[in-house]
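The values are calculated or read from the model by the stated rules, or taken from the named source; none is laboratory data. Bear in mind that the values here come from a model prediction, so they are computed numbers and not experimental data. Cβ atoms come from the backbone with ideal geometry, glycine included; neighbour counts cover every protein chain shown.
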Amino acid sequence: MGPLGAQLAVIGALTLLAWAAGPDPIPLSPEKASIFADLTPAELRAVRDFLTSRPELDLQPNQGGSLGGSLARNSLFLVELLAPKKSQALRYLDLGGRPPRRRARVVVFFGAGPEPNVTEYVVGPLPRPTFYRPSGRPVAYTARPMARLELEFLNRRLVDLLEPLKVFLKDVSGFSLDSNCGQRCLTFTEVAPRGLASGERRTWLMLQRDVEGFFLHPVGLEVLVDHHQLDPRLWVVQRVWYSGQYFASPTELAERYARGMVSVVRLPPHPEESLFSTFVPRGDFASGPPTDQPGAKVCEPSGPRYALYGNHLAYSGWSLAFRLRSSTGLQLFDVRFNGGRVAYEVSVQEAIAFYGGSSPAAMQTKYIDVGWGMGSLSHELAPGIDCPEVATFVDAYHYYDADGPVRYPRALCLFELPTGVPLRRHFDNDFQGGSNFYGGLEGHALVLRSSSTVYNYDYIWDFLLYPNGVMEARVHATGYVHASFYTPEGDRYGSRIQAHLLGNLHTHLVHFKVDLDVAGPGNSFETMDLAFENISLPWEPSQRLVQPYLDRQPRSRERQAAFPFGKPLPRYLMFLNPTQKNRWGHQRSYRLQPNSHASRVLPRGWKEENGVSWSRYHLAVTRHHENEDTSSSLYVQNDPWQPTVSFENFLRNDESIENEDLVAWLTVGFLHIPHAEDVPNTATPGNMVGFYLRPFNFFDEDPSVASRRTVIVRPDPPESKEGVRIQRWGPVAPQVCMSQEPFSYNGTYWEE
């Protein structure tokens, strides 16, 4: 055990002593939750001003300067909270130590020097920084995320590079790249990774009609642009593909087209209305009442039944801190139920979508979404659609590829959701036409929601808290499918979903980090499933009986707790505290229950798969280390071949995981074979994956017995006129309620 492990062990032991000897556990307070709060706009600006004042960094604005220039400049790309180390946080949260100093994680693009690179820094203390120091090794400049300035250069350079195809594009699509194209302009989708090996920056671009839902309007032309040089004037087209045919350059395609040597597909004229890729209603349902009236709504007859103070949330026994990390998305910290900690951190780590196809852009598409700033793409949630009108909305501020904090209004929402199914109920039949009693507890859950619109796809991220100590994490996938131009060769890679459109098959995977602290930081992991035994009947030994029994498998080392895809995953995944027992003598435990039909995206060790080595496993359980904070990084998208973070390294030392501080790394996902009903958009039903954290002998009984939303109905004696006695501990019945606020939606985000 190293110094850090020893430090955590001491803190864990002291925490357990406090748990055993002290009063009842205490819920997280708003003051203590603030150590996990995202940086404020003032703090973000303070970091920017401090770093831009350092002459040795020579930082230039991200969006400033002449567009005729180059990328040989130094710029501040990302500023976000650097969460405190767990040992420091626990010393403050549990032992009354001093609060950890607030610090920022900063990403700087150094393009102006002789060896361009990306360097990360730690900056602090906040709110008035006085120091900055490097964090980790510099990253190759070609691995950097795509910035808006580079994308603008690419837009402008593409017009010049495709000048030979001006007539061709107009003939086959009716659209153009001209500056005066009006309502008939072309755009493009860029795919990644950008090349076939480390050090490259070569991107396939798929040209599309720039109309509403342009993702579904490819024109059949794809070009490979080499843009690794910092001077955009040196960027070149290396290869061209059109409708199943390859060409060495735009000039070759233009010349062969002029001689009638190219098989072309002329697209029909663009319709002015009723475009298939829009949300505009069309057609009618064959049955049921009209749908032009309001549907069912969520209402709060007594107002919110949760408490929100800054980034601190409390609801029906739950208390936790949350943040919206710009790089990755939602993070929960210090998750407690009735004051007892269940998890130190539950967070989104990464989301990927790997595709197959017959066109080069489709073949090359392996999206690794943290490389696109997944957490910062938290655009406005619409009341009444994305969240109920009565929800509490929270703004977010991101400093990502900008020159200051950018406000994202309504980036998160919080609401109590009637689940539509009782949390618990029973009808106790008297088998004489009546009942002995009926008991029920209405089902509710608190939902914390955000979204990430990563180009074409929209991910809806939810954490749900139930009053019986269960937490659910889930993600819905919606938005537009990533589609390519249809050719007959594409049939084995998806479905034809419009006349000239192929919906390409792909696998979605999402990675979660679940740092469990079940009744304290010292936990062990075991799996449980059933096995069968063949025994003689005790009361009739001549007869045999086959019955199930509980097969418990303690997992003492990391490799024993890594479950690769292709092998069965045990059904009960148990995290237990070996030193804490409930009243009935059971070790207090929480069960991790996945909801997924994920599978691997590539064979193990195959090129890009090395960048997403976490995708090899349903689940892997490791010992906590501060330097194993995340399973991915901003740079894996554009250099998956030599990744800056390799999850496989977390498992190489095969450490003991008995009575240790454990982290569960869970992969969930699904295969998506697009179909006609994915037009105009992929719908959410059936496209949801996630997991549950469920108490398993953690309590002495179901803690939801504390809820006053229970109803018990008992029959009255025969002589009673009422017939039944109804017991309630809450309001008799809610009044019909509708929001009096008109629908509003702005859809903008600006620097402030």
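Residue-by-condition table, conditions (1) in contact (Cβ under 8 Å) with a residue 40 or more places away in the chain; (2) of a type outside the set (Asp, Glu); (3) touching a strand residue (DSSP E or B) at 6+ places or on another chain (Cβ under 9 Å):
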{"residue": "Ser613", "(1), (2), (3)": "no, yes, no"}
{"residue": "Ala620", "(1), (2), (3)": "yes, yes, yes"}
{"residue": "Thr630", "(1), (2), (3)": "yes, yes, yes"}
{"residue": "Val636", "(1), (2), (3)": "yes, yes, yes"}
{"residue": "Glu658", "(1), (2), (3)": "yes, no, yes"}
{"residue": "Asp661", "(1), (2), (3)": "yes, no, yes"}
{"residue": "Trp665", "(1), (2), (3)": "yes, yes, yes"}
{"residue": "Leu693", "(1), (2), (3)": "yes, yes, yes"}
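Out of segment 633-645, which residues are closer than 20 Å to Thr328 by Cβ and surrounded by fewer than 18 Cβ atoms within 10 Å (Cβ to Cβ)?
Filtering segment 633-645 down to residues closer than 20 Å to Thr328 by Cβ leaves 633-640, 643-645.
If the condition is that a residue be closer than 20 Å to Thr328 by Cβ and surrounded by fewer than 18 Cβ atoms within 10 Å (Cβ to Cβ), then no residue fits.
Here the helices (runs of 4 or more DSSP H) wholly within segment 86-197 that include at least 3 residues being acidic (Asp, Glu) are 148-161.
Of the residues making up segment 153-197, those that are exposed (fewer than 14 other Cβ atoms within 10 Å of the Cβ), in contact (Cβ under 8 Å) with a residue 24 or more places away in the chain and of a type in the set (Gly, Ala, Ser) number 1. Out of curiosity, is Gly113 over 20 Å from Thr52 (Cα atoms), out of contact with any helix residue (DSSP H, G or I) (no Cβ under 9 Å at 6 or more places or on another chain) and not aliphatic (A, V, I, L, M)? So Gly113 fails the test. Residue check: is Pro114 under 27 Å from Leu154 (Cβ atoms), surrounded by fewer than 15 Cβ atoms within 10 Å (Cβ to Cβ) and either in contact with a strand residue (DSSP E or B) (Cβ under 7 Å, 6 or more places away or on another chain) or without any contact (Cβ under 8 Å) to a residue 40 or more places away in the chain (or both)? Yes; evaluated as a whole, the condition is true for this residue. Restricting attention to segment 170-209, the residues that are of a type in the set (Asp, Glu) and in contact with a His (Cβ under 8 Å, 6 or more places away or on another chain) total 1.
Test Phe131 against the criterion of being in the same structural domain as Pro41 (by TED's automatic domain parsing) and either over 29 Å from the mean Cα position of the chain (by Cα) or modelled with pLDDT under 95 (or both), and give yes or no. Taking the combined requirement at face value, the residue satisfies it. Taking the criterion of being surrounded by fewer than 11 Cβ atoms within 10 Å (Cβ to Cβ) and small (Gly, Ala, Ser), the residues of segment 676-722 that qualify are Ala676, Gly686, Ser720. Among residues of segment 275-291 that are in the same structural domain as Asn456 (by TED's automatic domain parsing), none has a beta-carbon under 8 Å from a residue that is at pLDDT below 95 and loosely packed, with under 10 Cβ neighbours inside 10 Å at least six positions away or on a different chain.
Beta carbons closer than 9 Å, at least 6 apart along the sequence or on distinct chains, pair a first residue in segment 300-313 that is part of a strand (DSSP E or B) with a second that is hydrophobic (A, V, I, L, M, F, W, C) and surrounded by fewer than 15 Cβ atoms within 10 Å (Cβ to Cβ) for Leu313/Ala307.
Grab the strands (runs of 3 or more DSSP E) fully contained in segment 319-409, keeping just those with 2 or more residues being hydroxyl-bearing (Ser, Thr, Tyr).
Numbers: elements: 329-337, 340-355, 366-368, 392-400.
Those strands (runs of 3 or more DSSP E) span 340-355, 392-400.
Starting from residues that are hydroxyl-bearing (Ser, Thr, Tyr) and crowded, with 22+ Cβ neighbours inside 10 Å, keep the ones in segment 345-391 and report whichever is nearest to Glu80 (Cα to Cα).
Ser376
Yes/no matrix, rows are residues, columns are (1) closer than 21 Å to Thr365 by Cα; (2) outside any loop (DSSP other than H, G, I, E, B):
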{"residue": "Phe215", "(1), (2)": "yes, yes"}
{"residue": "Leu253", "(1), (2)": "no, yes"}
{"residue": "Met261", "(1), (2)": "no, no"}
{"residue": "Val280", "(1), (2)": "no, no"}
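Table: residues versus (1) at pLDDT 95 or above; (2) over 35 Å from the mean Cα position of the chain (by Cα); (3) not aliphatic (A, V, I, L, M).
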| residue | (1), (2), (3) |
| --- | --- |
| Pro218 | yes, no, yes |
| Leu224 | yes, no, no |
| Pro232 | yes, no, yes |
| Val240 | yes, no, no |
| Ala248 | yes, yes, no |
| Glu252 | yes, yes, yes |
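When each of Tyr459, Tyr455 is tested for being surrounded by fewer than 18 Cβ atoms within 10 Å (Cβ to Cβ), in the same structural domain as Ser347 (by TED's automatic domain parsing), under 25 Å from the mean Cα position of the chain (by Cα) and not basic (Lys, Arg), the lone residue that passes is Tyr455. Within segment 230-249, residues that are within 28 Å of Arg144 (Cα to Cα) reach partners that are of a type in the set (Phe, Trp, Tyr) and buried (at least 17 other Cβ atoms within 10 Å of the Cβ) with beta carbons closer than 7 Å, at six or more positions or on different chains, in the pairs Pro232/Phe153; Val240/Phe247. For segment 59-110, taking the residues that are under 30 Å from Lys32 (Cα atoms) and among the small types (Gly, Ala, Ser), the one that is surrounded by the fewest Cβ atoms within 10 Å (Cβ to Cβ) is identified as Gly96.
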